[in-house]
1. Measuring from centroid to centroid over Cα atoms, what is the spacing of the range 143-194 and the range 311-382 in Å?
2. Go through Ser488, Ser35, Ser172 and list them by solvent-accessible area, largest first, probe radius 1.4 Å.
3. In nanometres, what is the gap between the two model label sites at Ile589 and Ala41, each 7 Å from Cα along Cα-to-Cβ?
4. Over the range 1-156, what is the relative contact order in percent, taking alpha-carbon pairs closer than 8 angstrom and at least six residues apart?
5. Report the extension gain between Glu492 and Ile693 in nm, rounded to one decimal, defined as 0.36 nm multiplied by the number of residues separating them, less their alpha carbon distance.
6. Nearest 500 deg cm²/dmol is fine: what mean residue ellipticity at 222 nm does the chain get from its DSSP H runs of n ≥ 4 alone, each adding -39,500 (n - 2.57), divided by its residue count?
7. Once you list every other residue whose beta carbon is under 14 Å from the beta carbon of Glu647, what net charge do they have if Lys and Arg are +1 and Asp and Glu are -1?
8. Explain nothing, just compute: Karplus ³J(HN,Hα) = 6.51 cos²θ - 1.76 cosθ + 1.60, θ = phi - 60°, for every residue of the range 16-30 in order, whole Hz, x for Gly and Pro.
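The values are calculated or read from the model by the stated rules, or taken from the named source; none is laboratory data. Remember, it's a predicted structure, so these values are computed and weren't measured experimentally. Using ideal geometry, Cβ is built from the backbone for each residue, glycine included, and neighbour counts are taken over all protein chains shown. Heads up: the accessible areas ignore ligands, DNA and RNA and are worked out on the full protein's heavy atoms, side chains in. Shrake-Rupley method; radii C 1.70, N 1.55, O 1.52, S 1.80 Å.
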Amino acid sequence: MPYTFNTFIVISVAVSLLSFGCAMWLNSWVKAQPSSNAKIAEVGKLIRDGSHTFLRQEYIMLAKFAGVLAIVVGVFLPRPIWHGNPIDNIVMIFSFLAGCVFSGIAGIIGIRIATIANVKTAEAAVEGMRPAFMAGFRGGAVMGLAVVGSTLLGVASIMFIAKDPTALLGFSFGASTLALFAKAGGGIFTKTADISADLVGKVELGIPEDDPRNPAVIADNVGDNVGDVAGMGADLFDSNVASMAAALVLATVLDRTAGGMANSSMVLCYAAAGLLASVIGIFLARMGKGGPTQALNNSTYITTGIYAVLTAGATLLFNFEWRIWGASIVGLLVGVVIGFASDYFTDDSKKPVQNTAKASELGPAFTILSGISYGLMSTLPALVGIAVSALVSYKLCEPIGEGYAMFGIAMSAVGMLSIVGMIISNDAYGPIVDNARGLAEMGDLGEDVIEIADSLDSAGNTVKAITKGFAIGAAGLTVIALLGAFISEVNEAAIELGVPGITGFDIMDPTVFFGMLVGVAIPAVFSAMLIMGVDRNAQRMVEEIHRQFDEIPGLKEGHPDAVPEYDKCIEVATTGALRELIPAGLTVILITLAVGFIGGVKAIGGYLCGNIVTGLLLALFMSNAGGLWDNAKKYVESGHHGGKGSEAHKAAVVGDTVGDPFKDTSGPSINTQITVVSLISSLAATLFLAFSIF
């Protein structure tokens, strides 16, 4: 069938608008669900106001930072303004800021719907698990469709306006930069509150998780939204944009050689098919006899099948290359395998969680040792999956011609993230039902309702581990493709400067090895800075909680007139998170530039390789270990090994406390960090070629 590249621009915009329309309908459906409990409405408003306050303050700070960075981008990228065409630099500023804005909007949309859906889900749980599940899932789906619709619309618009994939790297850099800081800031906030509430409430005083006497309980629920909703939305928005940007950079080079726009058209076509598959999958989602976890997993598998059929049909209709279709399907299937692996190590019906819960009977040391061991073990299937996906995609597309092997890897990443609309829906479901569980307890809805909310929350924790596995796996493939995009950008700059280009990186070259060793250390340093930020901030909040219990008469005893100062804890978490979020991200950016200006493009090649390998390992370990500890705690709380208040419970809470910053702060932030350094390297390739010391 005859087509032009603009045909797929139009298709992408149309599918984006369809997703926005569906998101609006789902938003109206969630809002229309009944809610009449005055206590829940009051607490829900506190959570909503706290979430919006934090997000507003965070975005004001990040807007100033992005403004300064945009000036730097405009002066030096894609090449120094005094050496290149100033119009290119202006386009890069526009693209960078557009990426920041779109990423920020993703967070705002998520917060708006999540802080409505949590109330609706809590009250729906009075009617039973199925209506509560639908309220939580459809609330998450609003964010899923809006975020991915924004991704596709943004990428299609930049390609239509700029007609230059380098500008798309600028768009991706803006999205990644904002996501890096939003995820770090939200993660520090949420885990500050969660750790403090658990340590003082559960361990010291033995009161329930969401007891309204606990001054940190509202901050804990606010944290679920700013970390797991706004932060993760920006993170997956960034991953999706980066995968498409890498694929389009490589596709453009191939299209120049072959003539036409077949490869670039395929990227947009497959991305649009993925969003359409997510729309269909979301509307087909229902909870059957298998419970919420199976319902969420089934929705992912159904969407996967729909995507495979849609892309096969498009490949046949538009006469695309079947080998590239195969590469995208390989990526998608490996994503599902990574999900299975995460599910095995984090689901409380499986041995790793149950064994960790049993180990908790002997004290917190055994909880920690068991969780770390299983967390480390869980990295093998995922890393092997990423490696197999990259190898198979490379070999599958290699016979097509020069350059297609790396494009195959890029399309494998696009395939893995093709159903990201469904992935975000499942991910946002988690914090919505977590909030609903807290609201059910604070609204005195009864043990039966809390039990339903606990079941929904446990499913959310398991599925969150799966979605994080998807995000990390896709980041791995994306940055391998970005490594190819980096080589492509270097070689184009080398032609302009009249210097030799590069074809790969020899690790026996001391410059490459220098970069690799530095790159290996960065994810560990970045993680340490975020965890230390949580540690420092949580200590401040624990002091504030102790102060309130000591100074407010009757608070500890639960007198009805004793009301905690919830806003003080929200203020501690907000101030500390904003103070801690900039240093870690800025350190990563500055070290990347330092390596480039010291060792040049070869050192950066080694740096990226080291950063990718250790970054993926740490991200997978932290996300899975944290999810395992969380569900081990819930397994004990459900009545196993002594139940609530037992020694095993106290040990499991300690494990969960260690796992909190692992799974919700450092782990998911690392894949954004990998993407950011890869994009900086590609964008600054000309500068590294022209101005490096060695």
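1. 25
2. From most accessible down to least: Ser35, Ser488, Ser172.
3. 4.4
4. Computed over the range 1-156, the figure is 42 percent.
5. That pair, Glu492 and Ile693, stretches by 70.3 nm at full extension.
6. After summing the helix terms and dividing by residue count, I get -29000 deg cm²/dmol.
7. +3
8. Per-residue couplings from phi come out as 4, 5, 4, 5, 5, x, 5, 4, 5, 5, 5, 4, 5, 4, 5 Hz.
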